[in-house]
1. Being among the β-branched types (V, I, T), touching a helix residue (DSSP H, G or I) at 6+ places or on another chain (Cβ under 8 Å) and under 20 Å from P28 (Cβ atoms) narrows it down to one of I51, I83, I97, I69, so name that one.
2. Could you go through the stretch 52-62 and let me know if any residue there is β-branched (V, I, T) and in contact with a Leu (Cβ under 8 Å, 6 or more places away or on another chain).
3. Could you list, in sequence order, the residues of the stretch 8-42 that are among the aromatic types (F, W, Y) and either surrounded by 13 or more Cβ atoms within 10 Å (Cβ to Cβ) or in contact with a Cys (Cβ under 6 Å, 6 or more places away or on another chain) (or both)?
4. Looking at I50, I68 in this structure, which one is in contact with an Asp or Glu (Cβ under 9 Å, 6 or more places away or on another chain), at pLDDT 90 or above and surrounded by 12 or more Cβ atoms within 10 Å (Cβ to Cβ)?
5. Those residues that are of a type in the set (A, V, I, L, M) and either modelled with pLDDT of 95 or more or closer than 17 Å to F10 by Cα (or both), I need them from the stretch 73-89; list them, please.
6. Here is a list: I35, I68, I29. Which entry is β-branched (V, I, T) and touching a residue at least 40 places away in the same chain (Cβ under 8 Å)?
Amino acid sequence: MLEKVYEVCFCYELEKRGLKSQRQIDIPIVYDNLIFEDGLRLDFLVEDKIICEIKAVETVNSVWTAQIISHLKLTNKRLGYLINFNVENISFGIKRIAL
């Protein structure tokens, strides 16, 4: 399925469990004392603490791990997950990233 389908279902599952989440959050970039609003975008922010990046791909690219690390640093968060739904068993598709 498409990534968008997994995003919608993931959001629903979080809500069912009573977890607050925000989807497709813009992260401004601060450079040279200027703020650029059209910076980066998070797939999910859960409970204002955990960043989740959703994928539905055959091969996970290492650049996505670097992307989550950048997101964590820019938002002063400490925990992120790269979740790939295109796997036989979802436990094989989850990568935890902590700073």
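1. So the residue among I51, I83, I97, I69 that is among the β-branched types (V, I, T), touching a helix residue (DSSP H, G or I) at 6+ places or on another chain (Cβ under 8 Å) and under 20 Å from P28 (Cβ atoms) is I51.
2. yes
3. Taking the stretch 8-42 and keeping what is among the aromatic types (F, W, Y), we get 10, 12, 31, 36.
Of everything in the stretch 8-42, just one residue is among the aromatic types (F, W, Y) and either surrounded by 13 or more Cβ atoms within 10 Å (Cβ to Cβ) or in contact with a Cys (Cβ under 6 Å, 6 or more places away or on another chain) (or both), namely F10.
4. Numbers: I50 fails: in contact with an Asp or Glu (Cβ under 9 Å, 6 or more places away or on another chain).
Going through I50, I68 in turn, the sole match is I68.
5. If the condition is that a residue be of a type in the set (A, V, I, L, M) and either modelled with pLDDT of 95 or more or closer than 17 Å to F10 by Cα (or both), then L79, L82, I83, V87 are the ones that fit.
6. None of the others qualify; the one that does is I29.
The values are calculated or read from the model by the stated rules, or taken from the named source; none is laboratory data. The shown structure was predicted, so the numbers you read here are calculated from the model rather than taken from an experiment. Ideal geometry is used to build each Cβ from the backbone, glycine not excepted, and the neighbour counts take in all protein chains shown.
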